[in-house]
Structure formats: C-alpha cells, structure tokens
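Trainee: Input: one structure, supplied below.
The values are calculated or read from the model by the stated rules, or taken from the named source; none is laboratory data. Because the structure is a prediction, the values reported are computed rather than measured. Using ideal geometry, Cβ is built from the backbone for each residue, glycine included, and neighbour counts are taken over all protein chains shown.
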Protein chains: 2
Amino acid sequence: MSLPLGFSEYPSRLLKARAGFNLASAPTNAAPGFDGKKDDGVAALAARAPVLARLQEQLFAESRFGGKKSVLLVLQAMDTAGKGGIVARVAGAVDPQGVKLKTFKAPTDEEKAHDFLWRVRPAAPDPGMLGVFDRSHYEDVLIHRVHGWADEAELERRYAAINDFEAELAAAGTTVVKVMLNLGKDEQLQRLSARLHDPTKYWKYSPTDLDERVFWSAYMDAYQKVFERTSTPAAPWHVVPADKKWYARMAVQEILIDALGGLNLQWPTGDYDLTHERTRLTDA
Amino acid sequence: MSLPLGFSEYPSRLLKARAGFNLASAPTNAAPGFDGKKDDGVAALAARAPVLARLQEQLFAESRFGGKKSVLLVLQAMDTAGKGGIVARVAGAVDPQGVKLKTFKAPTDEEKAHDFLWRVRPAAPDPGMLGVFDRSHYEDVLIHRVHGWADEAELERRYAAINDFEAELAAAGTTVVKVMLNLGKDEQLQRLSARLHDPTKYWKYSPTDLDERVFWSAYMDAYQKVFERTSTPAAPWHVVPADKKWYARMAVQEILIDALGGLNLQWPTGDYDLTHERTRLTDA
C-alpha cells in the first residue's frame, strides 16, 4: 500500500503511543508526517473519504456472508478537542447503515449498579460495522482517577479488565483503534471563548467545561497512565495533535483506512448460482 | 421561504398523495417541478446538504434545552428503488450524532409474539433527532396483504392502529414524513441485472428479490390502499418518482428541509449567565 496523499509517513505508525511514550512532550499544534497546509489537508480529507466509505462497504458486504470482522474507533479527549468533528466529518463520510455510534454520558443509576464494562459490552460493533465510541470505558480510569472516585488498587483492576475486554474484542474479530485527541490548554481556552461569543454555539457550552479545566494537569497525568497500562499490541493508542482540526480529522481518517486496509477485505461472491439467477432474470 | 434551488414548485406539496391520488398514473421516470438536468440535480443535492444539516443541528440544540421536537422519515419502496441511497446521501449528510436509523427486517420470533407496533415504538426518534425508518410498520399492511398473511378485517384494524400511532407521535412533537419511492418495473429489472453483472454488487442480490417481483401488481394495489387509508393531515404520504436516483434524493432532501424549516427552530440561549461565564473564562 502506498503512502496516503500528502503524507511522508503513515499516521497510524507515527502517532502510535509506544513504550516510553511521554504525553507531556507530544505536540498539540503540529501536523506530523503531513507535508501540506490546511487547504491541502481539507482537500485530502475529501479525496480520501470515498476510500474509507468503500472499505467499510466491503466490511459490511463480507458480514452478510458470514464475515465476523468489525472495527471500533474509541475516541477520548478533553472538552472541545473535536470528538464531535471526527464523528461528523470522518465517520460521517461512511454510510450511516454501516456506523454504530455510542456516546457515553455520565452513567445512570442502573449503570452505576453494575461493573463499569456492563454498559460498554452491548455497544461494541456487530460484524461489518464501524463502531464509534464518543468517550468510553476509559472515563472510568480518567475522571475517576482525577476526582479520586476510585483508589489505586481499583484503577489497576480496571486497567487489567479493560485489556482483557479489548483482547476479547480483538479475538472475536474487532479491530480496536484507540485515539486520544491531544488538545493544547491554550487552544481549549480559545474554543470555549468562541462558544461564548457566537449565538449559534451558546448551546454547546456548559459551565462544567470550565470546572473540569481546573484539573487539566491531573487529566494529563491520568492519560499518561492510560497509555502506559492499556496501549497493547492488540489495541494500541494513537495520540493525535488536535489544535489543527483539519489535521486531526485527516490523521484519524488515515488511521481508520489503515486499519480497514489491513483486513484484506474481498467482495463476496454471493451464495446463489449466478448463471441460474441471470437466466431467471432474463425471463422475469 | 423561497423555492428550493432549481424547483418551480415545492416537492413537498407537488408529491403529496392527496385524496384521489392514483398510484397507477403516477410517474416513475420523471422529475416533477425540477427545471434542470441530472448534473443540476447532483449539484443542488450537494448545495442543499448543509442547509439540512444545519436545521437538524438546530433541532438537536433545542432538544438540549427542553425542546421536544423531532422528525421521522419513513421510507418504503420495492427492492432496488434506492432506500439505501437516500439513507447514505440524504440522511448521510446530517451529523451521525443527530440521526437515529432503524432498518426493519423480517420480524424475529419474539417480535412476532407481540403486536406489530411493539418493535416500532422504541425505534421512534428522541427529541432533537432525525429518525429514519428503512422499511417500517407499513410492511405489516404491504407484504401481509400481498401474501394473504392478514385478512381484510385485520388489515383495516392495522390501518387504524397506524393512524393512531402516528397521531400520537405528532402530538408528542414528532413530524412524520412518509415517502414511497416509486420505481418503474422495467427499471427494477435493469437494477437487478446490474447487481448480477458487477462483482462489487453480487452481495446485494438475493434470489428472493426476484421471487417478490412476481407480485409487483399486487404490491402496487397494496400501496394504493396504504395511501388511501393512512395519508392523514398529521402524517401525509409523498410518492417520489425513483427511476432517476438523482431526482429522488433531491426531492426527499427538499421534503425534509421543508419539514424542518416549518418547525420555526431557534438557537437556544443557554441556561447559564453568559456575562458571568465570559468573566470566569477570562480568569481561567
């Protein structure tokens, strides 16, 4: 497979959080591996959208004839980092019939009464689908660590449970693609401010966004721990610079294309007698 | 509101199945009200997609602050008429976070054990959402009539139950938009044939498509009955010529824009003190 449009390296490799990865030194306002400017990035996103859509269609087609493969994109980030934009512009370019989106909010009382993975398991994608988690089970080791809602022993138990869960998914045929959108703290301030100065965006702002901002460095520490404990060969993390929305979107798009491209998908031949059906049709 | 791009009349009005509507004389290979050619139609679809997306975003925004409105697109058609294309190209242009798609297949044993609306009610859109039914509760008065799985008295009971159900939805804030894609019988033959002569489409073909084709005229009679019994002021049917895919897509897009445009949507002001939050942000 040749390198994606405009890239000198695969984003999927370049942005992977490998052993020794250090979030504190990872760029937020950069476009690693990409040689162009914003306009080039926007054009590349549009040009590559049909490639992603077609791969997902093949995944779906295979599933209609017994294929078990699926892909799950797990999105985590600080507020305003652009998860919604990834859902709308990257996953949104795929046929909605092939996308299973799950947005994880604060758990309900019923959900709280169960193990933290209880509400996550049924949200995993069926064969043929591109699943998207907007937030995820990682909230249970992020906000819970930041606010001390779970102690160290419990957090360690959860990391292990997450690794087991994701290994199960992988064994069942799901390619797990985990992405953290890495936003700069200053850029967040700009984006929150924009929401408070545009009447079409007032509804997106919540005072709690600012409350959580106070805990920024604690969140970064919690993310660092997440990468150390849960970036496994079966389900690695990718940390994507997110200050440039156009870059984050194209990088995630390429990471997904790479994941689907690696599945060696084929158009199914059908389970009927082609010659016979062609003859029937001629007489119909 | 001015007429949509390229149209000399509103498709939402022009294509409505009013009292006296006769399916047998409705065109399949036409572009009613549209003055342009295919290229113009494709361009108009792309140009109007952001309008639909923005209206849905406003609908969603209102719902975050107590708004109860939603829209439900009910799609019915013969095989290959292009329901999938409407989902992908029309609903697909809306943020996936705002779309709730439900594809109705043959009912499961559990579903069969309940009233025919049992599986339909939970699939209705929540406030703020654009719901899409790919097939629907109308199968229970279409395929059931064609194959004699329900007698006349039961079918009449179902028409009444459907009207009650849709009136309930409307009363709760859901604008119900019903669309039948009106495909020509010859055009279906061409499309089935195309599926049997393109390896990337073999998977879309099923021998049962041809089995059902034998019942074409019985299906047309069943649709005619549906329009007579269930095209109500609260939930009218639109019959959209579907031989030209480009026309059907733009017509459905305009019907949806008209439905959303009629809801008098406003950007919410938010439920916080704007001045106070701006000050807090300056200090953050």
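Trainee: Among (1) more than 12 Å from chain B (Cβ to nearest Cβ); (2) over 22 Å from residue A:170 (Cβ atoms), which single condition is residue A:96 missing?
Mentor: (1)
Trainee: Now a separate question. Looking at A:234, A:194, which one is away from chain B (no Cβ under 14 Å) and not charged (D, E, K, R)?
Mentor: On the way: A:194 fails: away from chain B (no Cβ under 14 Å).
The match here is A:234.
Trainee: Another question, if that's okay. All but one of (1) within 11 Å of another protein chain (Cβ to nearest Cβ); (2) hydroxyl-bearing (Ser, Thr, Tyr); (3) farther than 29 Å from residue A:203 by Cα hold for residue B:80; state the number of the condition that does not hold.
Mentor: (1)
The rows are residues; the columns are (1) under 24 Å from residue B:220 (Cβ atoms); (2) without any contact (Cβ under 8 Å) to a residue 40 or more places away in the chain; (3) charged (D, E, K, R).
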position	(1), (2), (3)
B:125	no, no, no
B:129	no, no, no
B:134	yes, no, yes
B:141	yes, no, no
B:163	yes, no, no
B:167	no, no, no
B:176	yes, no, no
B:180	yes, no, no
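Trainee: Looking at (1) of a type in the set (S, T, N, Q); (2) more than 10 Å from chain A (Cβ to nearest Cβ); (3) touching a residue at least 60 places away in the same chain (Cβ under 8 Å), which is the one condition that is false for residue B:188?
Mentor: Tallying (1) of a type in the set (S, T, N, Q); (2) more than 10 Å from chain A (Cβ to nearest Cβ); (3) touching a residue at least 60 places away in the same chain (Cβ under 8 Å), residue B:188 fails exactly one: (2).
Trainee: Sticking with this structure for a sec: Which of the residues spanning the range A:73-115 are at negative phi, β-branched (Val, Ile, Thr) and either crowded, with 20+ Cβ neighbours inside 10 Å or under 12 Å from the mean Cα position of the chain (by Cα) (or both)?
Mentor: Hits for the range A:73-115 are A:74, A:86, A:87, A:90, A:94, A:99, A:103.
Trainee: Restricting attention to the range A:88-115, and to residues there that are out of contact with any helix residue (DSSP H, G or I) (no Cβ under 6 Å at 6 or more places or on another chain) and β-branched (Val, Ile, Thr), which single residue is nearest to residue A:54 (Cα to Cα)?
Mentor: A:103
Trainee: Would you mention how many residues in the range B:246-284 are closer than 20 Å to residue B:30 by Cβ and either of a type in the set (D, E, K, R) or modelled with pLDDT under 95 (or both)? Spell out the reasoning first.
Mentor: So the first thing to find is which residues in the range B:246-284 are closer than 20 Å to residue B:30 by Cβ, and the list is B:246-255, B:258.
Keeping just the survivors that are either of a type in the set (D, E, K, R) or modelled with pLDDT under 95 (or both) gives B:249, B:254, B:258.
Going through the range B:246-284 one residue at a time, the tally reaches 3.
Trainee: Considering the range A:197-215 alone, what residues qualify as being more than 7 Å from chain B (Cβ to nearest Cβ), part of a loop (DSSP other than H, G, I, E, B), under 25 Å from the mean Cα position of the chain (by Cα) and of a type outside the set (Lys, Arg)?
Mentor: Start the filter on the range A:197-215 by keeping residues that are more than 7 Å from chain B (Cβ to nearest Cβ), which leaves A:197-198, A:201, A:204, A:206, A:208-209, A:211-212, A:214-215.
Of the ones still in play, those that are also part of a loop (DSSP other than H, G, I, E, B) are A:197-198, A:201, A:206, A:214-215.
Restricting the remaining residues to those that are under 25 Å from the mean Cα position of the chain (by Cα) gives A:201, A:206, A:215.
Matches in the range A:197-215: A:206, A:215.
Trainee: Assuming residue B:267 fulfils every condition listed in (1) farther than 30 Å from residue A:65 by Cβ; (2) facing chain A (nearest Cβ under 10 Å); (3) in a helix (DSSP H, G or I); (4) touching a residue at least 12 places away in the same chain (Cβ under 8 Å) apart from one, which condition is it?
Mentor: (3)
Trainee: Restrict the check to the range B:217-235 and report whether at least one residue is under 23 Å from the mean Cα position of the chain (by Cα) and at pLDDT below 95.
Mentor: Applying the first criterion (under 23 Å from the mean Cα position of the chain (by Cα)) to the range B:217-235 yields B:217-235.
This time we only want the ones that are at pLDDT below 95, so: B:233-234.
Yes: the range B:217-235 contains one or more residues that are under 23 Å from the mean Cα position of the chain (by Cα) and at pLDDT below 95.
Trainee: For the range B:163-184, check the following and say yes or no: at least one residue is surrounded by 21 or more Cβ atoms within 10 Å (Cβ to Cβ) and within 14 Å of chain A (Cβ to nearest Cβ).
Mentor: no
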